[in-house]
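Let me begin by presenting the structure, written as structure tokens, before commenting on it.
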Amino acid sequence: MWADMGKGTSAKLLEESRIFRGWLRSKLKTGSVVGWVAETKRGDIVAGGIVWLRPIVSRPDVQHLIQPFLLSMYTEPKWRGRGLASRIVDEAVKWAKKNGYEEIRLHASSMGRGAYLRRGFRRTWEMKLRL
């Protein structure tokens, strides 16, 4: 995913992959992530995405202190344009609704933004300061 977006060197991406796998394993053990994959008849995974049930700070407009956050959406290049990512997003949204959450959030890359907008996601305002 990051390589397709032109982020980082091969060595940096390999290290990031190792770190992410450790993070994901720890979240799977605690049940704070759920995921979906699309696979071929041979069992090759060609698309996937996860929802992280991330803790948030209490504020007047929230009912849950957990925020479903969709991340790591990816489809292998030769499998794009077949609706696989859309189906995964739809399943994640259905899962979040079924489990009583009022919203689901994500950070969209420029490659995926259109798919989310077509599904009713709205852009929100977030700021950052690079240190």
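The table below gives the values:
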quantity: Flagged links, alpha-carbon separation over 24 Å, of 41/78; 78/128; 41/97; 78/98; calculated: 78/128; 41/97; 78/98
quantity: Residue-span extension gain [residue 39 to residue 113] - 0.36 nm each, minus C-alpha spacing; calculated: 24.3 nm
quantity: Along the chain, longest interval not containing exposed trypsin sites (Lys or Arg not before Pro), exposed being DSSP loop plus at most 15 other Cβ atoms within 10 Å; calculated: 43-79
quantity: Residue-averaged 222 nm ellipticity for the chain, from DSSP H runs of 4+ at -39500 (n - 2.57), nearest 500; calculated: -10500 deg cm²/dmol
quantity: Cα-based shape type of the stretch 61-105, given that a ≥ b ≥ c are square roots of the gyration tensor eigenvalues and the cut on a/c is 1.5; calculated: prolate
quantity: Rule-of-thumb Rg ratio for the stretch 32-118 [Cα; 2.2 N^0.38 Å; N residues]; calculated: 1.17
quantity: Hz values of 3J(HN,Hα) by residue in the stretch 122-131 - Karplus curve (6.51, -1.76, 1.60), Gly and Pro given as x; calculated: 10, 6, 10, 9, 9, 10, 8, 10, 6, 9
quantity: Simple label model, 7 Å out from Cα along Cβ direction - residue 130 to residue 28, nm; calculated: 3.4
quantity: Gyration tensor verdict on the stretch 88-127 (Cα atoms; rounded if a/c is under 1.5, prolate if a/b is larger than b/c, oblate otherwise); calculated: oblate
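Rule-based calculations on the coordinates, nothing more; no lab input. Quick caveat, the model's predicted, so the values are computed rather than measured. For neighbour counting, all protein chains shown are included, and Cβ atoms are generated from backbone atoms with ideal geometry for every residue, glycine included.
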